[in-house]
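Here the structure is laid out as structure tokens; the discussion comes afterwards.
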Amino acid sequence: MLLRHTTSEVKERKALTVNPAKTCQPVGAMYAALGVHGCLPHSHGSQGCCSYHRSALTRHYKEPVMAATSSFTEGSSVFGGQANLLQAIDNIFTIYDPDIIAVHSTCLSETIGDDLGQIVKKALDDGKIPEGKFVVQASTPSYVGSHVTGYANMLEAFVKYFSYNTNEKIRQVNMLSGWVEPSDMRELKRIAGLMKIKTVLLPDTSDVVDTPMDGTYKMYPKGGTTREEIVSMGNSMKTVAMGEWATQKAAIMLDNKCKVPFSMTDVPIGLRATDRFIQALSTAGKVSIPECISEERGKLVDVITDMHQYLYGKRVALWGDPDTILPLIEFLVDMDMKPVYVVSGTPGKKFSKLAMDILEEKVPEAKVRNGASADMFLMHQWIKEEPVDLLIGNTYGKYIARDEGIPFVRSGFPIIDRIGHSYFPTVGYMGGIRLLESILGAIMDKIDATAPEESFELVM
Amino acid sequence: MPNKKDYTNGLPDPSQLKEEMLAKYPRKVAKKRAKAMVINDPAESQEIGANIRTVPGIITQRGCTYAGCKGVVLGPTRDIINLVHGPIGCSFYAWLTRRNQTKPTEGEPNFMTYAFSTDMQDENIVFGGEAKLKDAIREAFDIFKPKSIGIFSTCPVGLIGDDVHAVAREMKEELGINIFGFSCEGYRGVSQSAGHHIANNGIFKHVVGNDDRPRTGKFQVNLLGEYNIGGDAFEIERIFEEVGVTLISTYSGNSTVESFAYSHTADLNMVMCHRSINYIAEMMEEKYGIPWFKVNFIGAESTAKSLRKMADYFGDKELSAKVEEVIAREMLKVKAVADAVKPKVEGKLAMMFVGGSRAHHYQDLFTELGVRVVSAGYEFAHRDDYEGREVIPNIKIDADTRNIEDLVVEKDEEKYRNDLAEKKAKLQAEGYEFEDYKGMMPDMQKNSLVIDDVNHWETEKLIEFYKPDVFCAGIKEKYVVQKYGVPLKQLHSYDYGGPYAAFEGAINFYKEMERMLGTDIWKLVDTPWKHEPEIVGSVTVDA
């Protein structure tokens, strides 16, 4: 047994986290910053933070992930990291020549009280930021929230720093994307294109962490939201923000600073979340919904109805981030599956309420936990108490899947043992079909592997 | 990629490359980096700048002290709960990401598949985290019933003044199991290296010598600095078992705290990764009189040499005969594969920037295949790992090194092995070498470029200049290098392959190089129309 010490006996814990269902803020800030064109993320802390975050993102994308670090030593930890950051800014512009440096803090620099805004201002005053180059900063203490919070803080920093309302309204809609894959961001743009709406997507990691192999290395790939685009977001008609945890801060900032109103919607995973997204986009862009979108929707519903028998009543355990889990459980419930165990390490009182709103009618037995000690160990204990038919979550679930013999669909961050997430979206109606393909594949593989020979099915 | 340079008459002088690399840097940075680059001349004793702070803003391979302590040294030990005291990330990132394999017997504890954290929140940062740490220890004990718990401090812990050692003492008393703390905050050193030292100190202080287990074998050894990535330790264990040498403990691949506790009952310490573990070897010798020497089980020839050295140490005819028998048999298999692979890869160029010993050890495997190493360097090693241990007395102790405690170890009069000390003296008189490590540079060719703590910019220039056939580094470098059309072999994780240690490992590595260096897939990178005349579009059907 890989997790041989996990038993069904749940003991309440108030201090110990085991097998977390979250990680810390800075990695989210780093990922968000990669979605801005010509931007080099910078980690203001010890070298290890930067190294760990780059490694985690690299394993997930199998792509170059570049970021710099302030390389704190004991001295900087005592006397403050200002000198390190000033030197870093100078070195980065000289050696690596990005258009933008996106600085995020760490638990170390936050604990000693480094004021990033003040240091960046000093860099500017000292002439360390060349003409036409920019340094954006976000406070991302690792001991608050989760990786999703860091993503949200970095997004907010970008619009706070760049977006500007020049009183010339442009026929454009802002799309603030929750933490999803480059494939999903590409799909969001495709859907907006089908609806003939001019949009700015922030962030946009497509063509950044899914670049082609052509024999050359480009430190700043062609993708990413450009600075000009972020500036123009201040003049857009409306913002469609997808995922409260990851995008609400930036949406509010755009509203407050540039008077661009927003509509808060879910990450469009599954049928009804996509419905709401399409409606929000159509309202925001003042366009009607084209037939081709309705056709894509119809295809998804078609697959669901075709394969309903394999989905009905299946008990599912999920873990991951609120913004993606909530629409996902709604999708599962819509298909008559039973998301009985739901865990997210990301805090936020709202999560359990929103989840139970979705679940209480059809899956009243569901157990939902988030925040402190809502971890994969607890979820595994629940599974030991009463098993499930399917696991949906990041790669760490493979240990539970193997020990318990449960079909497993990879979703979320990180996925470090399979490919596909960079290229095949799970958002939108077509993404819903891909999700279904994965879910059905996992369930049916188990049926095929375990069915008695006499009832082994050719056609399913 | 342009055509390869012809290096058959020796490596080219890379002086110009060095100048170009440095030219990009601000003056102060250039001055610092210049010291970290040496155009090698094995006939000369040259000094390299190593174990020096990375300049802020430089995209480095290096990690932190915590990574070296928790991740590297204690990570591969299965019967201890490694509790990370800090915000969640540090524990999350060190969760199973280093591929240390372990093989517990049924019913034996194995906590390596778990990540434990106190998940510090802002109130713990403001009001202190000791109470939460104590509760977490109690909960861990209550749920998992471990025999030992290690506490690993992350950056904020030292800053807010949590005393993990005091908590460890108190909890040890309360729970009656072995509990000890490590002050391995990420900022403590200039790299992972500081964490290795802190881990060595902690294990030595709190574990080694706790169990005076009676002898279980005629020849008892410890293997230090072997972390069982991809099953390396399993392959070495297989050979030891066959020749009749009892492996008391390995630091720390496939290891247990239980085995560390009686590791002082060994007759010999063999050091693989000098950088990460030489401290324990030295401390064990001072306290218990156990001699140590450097070995290398990466490369078939090196493995044979190391096994012979071990047999010579024991001076037992039967053992030597068995060792020779195993070497002869295994080398036959190794040679068969080498003979098949070598003609396909001979003369190709490799470079490696990794670790604190791997960038040296793996040169042996490449040499066995006739692959030329044109440039190499470590990520976190010290001068002695480049230049040899004789430079240790001359290494300037800077503020960063002074931060790390150097344990004062005294001879244990009761347990000190005078017999071993005498044996060592006798062998030494015969020219047998102990405490020996000559470093990487003497083994490298003239004009090879040695670079410590190589960074992204220098990596780009190296590829441009040498056009290597294979680049060895880690996960962060892998896809950068490959975008250039140069295959990268990870020497931390082995790209999820291995083992590469000892004889079977050499065979695996040869085959891996046959795959990586022989494949035609890189020729698919260019589009077929790249070198064709442009296909001109037309608006009419006929034209």
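FYI, it's all coordinate maths here, none of it is from the lab. All values derive from a computational prediction rather than experimental measurement. FYI the Cβ positions are ideal-geometry reconstructions off the backbone, even for glycines, and counts take in every protein chain you see.
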(request) Check cross-link reach from residue B:218 to the aspartates and glutamates: straight Cα distance under 14 Å, and skip same-chain residues fewer than eight apart. (result) B:241, B:242, B:267, B:316, B:318
(request) Count neighbours as other Cβ atoms within 10 Å of each site's Cβ, and list the chymotrypsin sites (Phe, Trp or Tyr not before Pro) in the stretch B:283-339 that are DSSP loop with at most 11 such neighbours. (result) none
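For chain B, what does the relative contact order come out to in percent, with C-alpha contacts under 8 Å and a separation of six or more? Before the final figure, lay out each step's value.
On the way: 1025 pairs, mean separation 105.4, N = 543.
Relative CO of chain B lands at 19 percent.
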(request) Over the stretch A:25-157, calculate the relative contact order: mean separation of alpha carbon pairs under 8 Å at least 6 apart, over the residue count, as a percent. (result) 37
(request) Compute the acute angle (0 to 90°) between the alpha-carbon long axis of helix A:25-34 and the principal axis of greatest extent of the alpha-carbon atoms of chain A; round to the nearest 10°. (result) 80
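Relative contact order, percent, of chain A when contacts are C-alpha pairs under 8 Å separated by at least 6 residues?
Working: 964 pairs, mean separation 83.5, N = 460.
Across chain A, relative contact order equals 18 percent.
Under 1.5 on a/c is rounded, so check that first for the stretch B:38-139, then, if it is not, pick prolate when a/b is larger than b/c and oblate when it is not; a ≥ b ≥ c are the square roots of the alpha carbon gyration tensor eigenvalues. List each step's numbers first, then the result.
Values: a/c = 3.30, a/b = 1.53, b/c = 2.15.
Cα axes put the stretch B:38-139 in the oblate bin.
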(request) Please state the charge dipole magnitude for chain A, taken about the Cα centre, from unit charges on C-beta atoms (+1 on K and R, -1 on D and E), reported in debye and rounded to the nearest 20. (result) 960
(request) Take every DSSP beta bridge with both residues inside the protein assembly as shown and express the antiparallel ones as a percent of the total, to the nearest 5. (result) 10
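Give, to the nearest whole percent, the P(r) tail of the protein assembly as shown beyond 40 angstrom, counting all Cα pairs.
Numbers: 220044 of 502503 pairs.
Taking all Cα-Cα pairs of the protein assembly as shown, the fraction more than 40 Å apart is 44 percent.
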(message) If I fit a long axis through the Cα atoms of helix A:182-194 and take the longest principal axis of the Cα atoms of chain A, what angle between them do I get, 0 to 90°, rounded to 10?
(response) 90
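Of the DSSP beta bridges with both residues in chain A, give the percent that are antiparallel, rounding to the nearest 5. Before the final figure, lay out the partial values.
Working: 1 of 42 bridges.
Here the share of antiparallel DSSP bridges comes out near 0 percent.
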(request) Take every DSSP beta bridge with both residues inside the stretch A:173-293 and express the antiparallel ones as a percent of the total, to the nearest 5. (result) 0
(message) Explain nothing, just the number: dipole magnitude of the protein assembly as shown about its Cα centre with +1 on each Lys and Arg Cβ and -1 on each Asp and Glu Cβ, in debye rounded to the nearest 20.
(response) 1680
(message) Counting only pairs 8 or more residues apart or on different chains, how many lysine pairs in the stretch A:173-293 have their Cα atoms under 24 Å apart?
(response) 25
(request) Within 10 Å, count the other beta carbons around each residue, average over each peptide in A:166-175, A:269-278, and list them highest first. (result) A:269-278, A:166-175
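Can you give the mean number of other chain Cβ atoms that lie within 10 Å of the Cβ atoms in peptide B:58-69?
Mean inter-chain Cβ contacts per residue within 10 Å come to 6.
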(message) To test your reading of the geometry: what angle, between 0 and 90 degrees and rounded to tens, separates the Cα axis of helix B:358-368 from the longest principal axis of chain B?
(response) 60
(request) Select from A:396, A:79, A:333 the residue farthest towards the positive end of the dipole of chain A; place +1 on Cβ of Lys and Arg, -1 on Cβ of Asp and Glu, and compute about the Cα centre. (result) A:79
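If you keep only loop residues by DSSP, which trypsin sites (Lys or Arg not before Pro) in the stretch A:308-402 have at most 11 other Cβ atoms within 10 Å of their Cβ? Can you show the working numbers first?
Values: sites: A:314, A:315, A:349, A:350, A:353, A:362, A:367, A:369, A:384, A:398, A:402; in loops: A:314, A:349, A:362.
Here the sparse-neighbourhood loop sites are A:349.
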(message) Taking the Cα centroid of the stretch B:175-220 and of the stretch A:81-146, what is the distance between the two, rounded to the nearest whole Å?
(response) 37
(message) Give the average, rounded to an integer, of partner chain Cβ atoms located within 10 angstrom of each Cβ in B:116-124.
(response) 6
(message) I need the chymotrypsin sites (Phe, Trp or Tyr not before Pro) found in the stretch B:444-476, filtered to DSSP loop residues with at most 16 other beta carbons within 10 Å of theirs.
(response) none
(request) Work out the charge dipole of the stretch A:25-157 with +1 on the Cβ of Lys and Arg and -1 on the Cβ of Asp and Glu about the Cα centre, then indicate which of A:69, A:118, A:135 is farthest towards its positive end. (result) A:69
